[in-house]
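Written out below as structure tokens is the structure these notes cover.
Every number here is computed from the coordinates shown, using simple stated rules; none is lab data. Predicted, not measured: the structure shown is a model, and the values here were computed from it. Note: ideal-geometry Cβ built from the backbone for every residue, glycine included; neighbour counts use all protein chains shown.
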Amino acid sequence: MKKLFNKVAVITGASRGIGRAISLLFSENGCNLILISRDDEKALREVEDECKKFNITTLALSGDISDKNFCKLAAIRSVEKFEHIDILINSAGVIARSSFDNMEYADWEGVIDINLNGTMQVIKEFLPYLDHSEQYNKKIVTITSQMAYLPHPGANPSYEVSKSGLVALSRHLAFKNAKKNININCIAPGSINTDMPKSMPEEIRERLRRSIPMQRLGEPIEVAKLALFLSSDDSDYITGTTCHINGGSLMI
């Protein structure tokens with residue numbers, strides 16, 4: 001059974017990592033896709049080609065979600081092609097490496113502009129196109145982070161603040177739109193086996209693995225499966241919450 005058959009989903013950050021895994025799983029489940037990515041147009045086209053193997057319709061848009069004009073144009077082009085939107089997945093995000101003591105303002109601004117302001121702008125532009133269905137619930141799922149709940153002493157504060165802000169924004173919008181059949185939730189992944197941990201030295205990577213109660217990093221597909229659940233009819237009575245997927249890291 002294809003859980004999202006003939007629905008239409010917007011996925012930001014679609015070209016790699018968690019966004020890529022969500023794109024592929026949604027296409028496998030019959031969902032037509034608007035794929036949005038900022039940096040790597042070649043990778044975006046490769047993901048689009050993989051998704052098309054499942055006989056779904058796609059629209060790939062390369063642009064920066066911190067650009068208001070791009071967000072507005074992306075929404076217009078999406079509705080022109082598909083006429084309606086059922087699901088919005090906010091997976092785009094960046095991280096800075098500097099600690100608070102040596103952080104430049106540009107480090108702060110760059111992360112906040114994409115992770116928080118950019119996601120807000122995407123939701124603001126697409127939300128009106130979700131608000132017109134009484135047949136079934138529409139869904140917004142935002143990828144936040146375990147760091148919104150469990151700060152890391154060596155982490156960049158702009159990342160933690162941006163991800164915490166996404167939780168508050170989602171909760172606010174979930175309350176405001178609860179009567180409109182729009183479910184709005186967050187997913188807070190812990191350590192997931194994406195490009196960042198793969199680039200770590202083996203010693204640091206092993207230390208990270210041992211710090212997790214389940215003794216392993218999560219895989220992008222595991223986050224994608226949770227996003228699929230929160231985007232399907234199975235989650236119609238869930239809104240305004242954050243689902244944690246971290247191998248038990250918040251227990252310690």
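For the residue pairs LYS42/LYS138; LYS68/LYS163; LYS3/LYS52, the alpha carbons lie more than 25 Å apart in LYS42/LYS138.
Quote the relative contact order of segment 8-251 in percent (integer), defining contacts as alpha-carbon pairs under 8 Å separated by 6+ residues. The normalised contact order for segment 8-251 reaches 20 percent. For the pair segment 127-187 and segment 1-43, the centres of their Cα atoms are 18 angstrom apart.
Between the residues PHE175, VAL111, MET196, the greatest Cα displacement towards the positive end of the dipole of the chain, with unit charges on the Cβ of Lys, Arg, Asp and Glu, is found for PHE175.
Given +1 at the Cβ of Lys and Arg, -1 at the Cβ of Asp and Glu and no other charges, the dipole of segment 8-251 around its Cα centre is 380 debye to the nearest 20. Just report the Cα centroid separation between segment 52-112 and segment 191-252, whole Å. With segment 52-112 and segment 191-252 each reduced to a Cα centre, they are spaced 21 Å. Spin-label pair GLU222-LEU150: with each label point 7 Å from Cα along the Cα-Cβ axis, the two points sit 1.2 nm from one another.
In percent, rounded to a whole number, the relative contact order of segment 135-252 is 36, using alpha-carbon pairs under 8 Å and six or more apart.
Charging the Cβ of each Asp and Glu at -1 and of each Lys and Arg at +1, and nothing else, the dipole of segment 43-130 about its Cα centre rounds to 340 debye.
Seen from all directions on average, segment 8-251 presents a Cα convex hull projection of 13.0 nm². Estimated from helical segments only, the mean residue ellipticity of the chain at 222 nm is -13000 deg cm²/dmol, where each DSSP H run of four or more residues counts as -39500 (n - 2.57). Taking only alpha carbon atoms, segment 73-155 gives an Rg to Rh ratio of 1.10, where Rh is the Kirkwood radius. From the residues LEU25, ILE95, ALA43, which one has its Cα farthest along the dipole of the chain in the positive direction, the dipole being from +1 and -1 charges on Cβ of Lys/Arg and Asp/Glu about the Cα centre? Among LEU25, ILE95, ALA43, the one farthest towards the positive end of the dipole of the chain is LEU25.
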